[in-house]
Structures are given as C-alpha cells and as structure tokens.
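The next block holds one structure in the form of structure tokens; read it before the comments.
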Amino acid sequence: MFLQRKITKYTADFSVEISRLKNEIETADAIVIGAGAGLSTAAGFTYSGERFEKYFSDFIEKYNFRDMYSGGFYPFETLEEHWAYWSRYVYINRYMDVDNGVYKGLFELVKDKDYFVLTTNVDHQFQKAEFDKHRLFYTQGDYGLFQCSEPCCQKTYDNEDIIRKMYAEQENMLIPTELVPRCPKCGRPMTMNLRADETFVQDEGWYRAAERYEEFLRRHENLHILFLELGVGYNTPAIIKYPFWQMTAKNPKAVYACLNFGEAFCPEQIRPQAICMDADIGTIFKR
C-alpha cells in the first residue's frame, strides 16, 4: 500500500510542529496513543549503561552481559539463578519508581480528551501515571504477571509479592529454593507473561482490552482522530506503526504524529496528514 521510500522530517527548531501537535491534541475528537519502548527510554527506563551496571554488576562480571534485555534470554543452569536475575529485572522496571515525568506529562496532555492507549510496553507505567486502566491495551504482556511455562491454562497471576521477596532475599545470585514460583494448577515452573513465543498466555483481561480497543476505533471511525505514535521502532511495526499509517490513509480527517528520537518518519502517501519530530519525547512534552 505504501511506497518503500520513507519521508523523514527534521529541523533544529520544532516550534511549527509543536504548535500543530498542540492544536491537534486540543481539537481532535479522539486520540489513539501508540507507545513503544522509546517512550519508556525517554522516561528513564534504560536497559544498558549506568543503570544496568548498578543493579547487575555481578551478572555482568560472570556472564559479560551487555544489557538487561539480552541477559533475559540466557539459559541459566538453575531456576534459583534464573529468578535472581529476573526478580531484579522486574523489580526495577515494574515496581521501582523511576519515571522522570514523561508519562505523567503525557497524561496531563490527554487526560481531558477521549483517548485510548495501545502499547507494546510491559512496564505498567501508564497506570502508574493515572491513565484509566480501561483505556489501555498491553498487547505484549506485563512484567507484573506470571503464567505457567507450558502453559496448562490461559490464566495469569499477579507477582508483586513474590518478586519483592525474591529481590530482597537473594544471595550470591540465587534466590531461596522455596521462592521458585510454580503453577498452582499443574506444579510446573512459572514464567513471565511476556510475548516471546507461541506459549504466551492471552488471558480474559487481554481479550477484554482488545475488544475495548476495537470498539473505540469503531466508535470514532471517520472522525477527527489523532494517532499519536510515541517511541515505536521496527521490532513489532505490525502492532502500532503500520495500522496507524493505514488508518490515517483511509481517513482524510485523521492526523498521524510520530515522536521518536532517531526514527521519526512516515510514508509519502500520508505526509500532508503527518507530524514527525525526531527528538527526545520528554523535551517535546515540556515545550
């Protein structure tokens, strides 16, 4: 549908684009926010560098991990070590307060609008920033949920209490054996509810959120919609980026806004309806 050539819009001064975006937020009948990893990075949730070294220096020394994400795929020899790593990972990215104000700033911009959030992020930051949980669709899972590793059923389990215990009680890169989480139905080891392969559990909550999102789109079809894409890269473009492009192209009243440091672009077909800003998202919000 779209030409292969991508149009990138970048200037040193975003005053015109920011004014356009401000006007669209104020006048749109509805706002659909599509959020990717770049939004959480702008909020301070970095997975490498100083923050990674602060919390994982022992794992870095032992395994030469380069970042949190790649370390999460390592085949640890024991579940005790696996969960020592993952409990730190989940604790600092899900339960620790890190947001530097980016999510809260976004909420202040849209709180009085008819909005819905579609996100591939799994760190729960939208709800922490007071977004209405009934207007959120976490497509890729949640750091705050466990599921059976097989799985034996399409059910997820809250993990905050056990994650906090694992984080607090681990020693020498191991958690106590009695804290290893097991499925309450079949006894198999639990795993994170994150979309990594075909075993990902889409529970009742997942399907209800998907239905609410589809209904939101149906109710606002052909109206003045702002598709606000924030920090979405090319890991999973079929979830947010491509659908946003397609819906914008089909609706002459729609506007597509892409805020992404290093990857702000759109197809030429929707350029007249697009606002693209290659800059830090937090800086744009403040301006």
Checklist entry - On the given criteria, is LEU106 under 18 Å from ILE25 (Cβ atoms), assigned to a helix (DSSP H, G or I) and either in contact with a strand residue (DSSP E or B) (Cβ under 8 Å, 6 or more places away or on another chain) or at pLDDT 95 or above (or both)? => result yes
Item to check | Spans of strands (runs of 3 or more DSSP E) in segment 220-287 with at least 3 residues at pLDDT 95 or above and within 18 Å of ALA30 (Cβ to Cβ) | outcome: 225-230, 255-259
Checklist outcome for this item: Selection from segment 37-46 of residues more than 12 Å from ASP123 (Cβ to Cβ) and within 11 Å of the chain's Cα centre (by Cα) yields GLY38
Checklist entry - So, of the residues in segment 148-163 that are outside any loop (DSSP other than H, G, I, E, B) and touching a Leu at 6+ places or on another chain (Cβ under 9 Å), which turns out to be farthest from SER87 (Cα to Cα)? => result THR156
Checklist entry - Regarding TYR89, is this residue touching a helix residue (DSSP H, G or I) at 6+ places or on another chain (Cβ under 7 Å), outside the structural domain of LEU217 (by TED's automatic domain parsing) and outside any strand (DSSP E or B)? => result yes
Checklist entry - For the subset of segment 141-181 comprising residues that are crowded, with 17+ Cβ neighbours inside 10 Å and small (Gly, Ala, Ser), which member is nearest to GLY36 (Cα to Cα)? => result GLY141
Checklist entry - Out of ASP142, ASP197, ASP123, which single residue is under 26 Å from TYR234 (Cα atoms), of a type in the set (D, E, K, R), in contact (Cβ under 8 Å) with a residue 12 or more places away in the chain and part of a loop (DSSP other than H, G, I, E, B)? => result ASP123
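The values are calculated or read from the model by the stated rules, or taken from the named source; none is laboratory data. This structure is a prediction, so every number in the text was calculated from the model and none was measured. Note: ideal-geometry Cβ built from the backbone for every residue, glycine included; neighbour counts use all protein chains shown.
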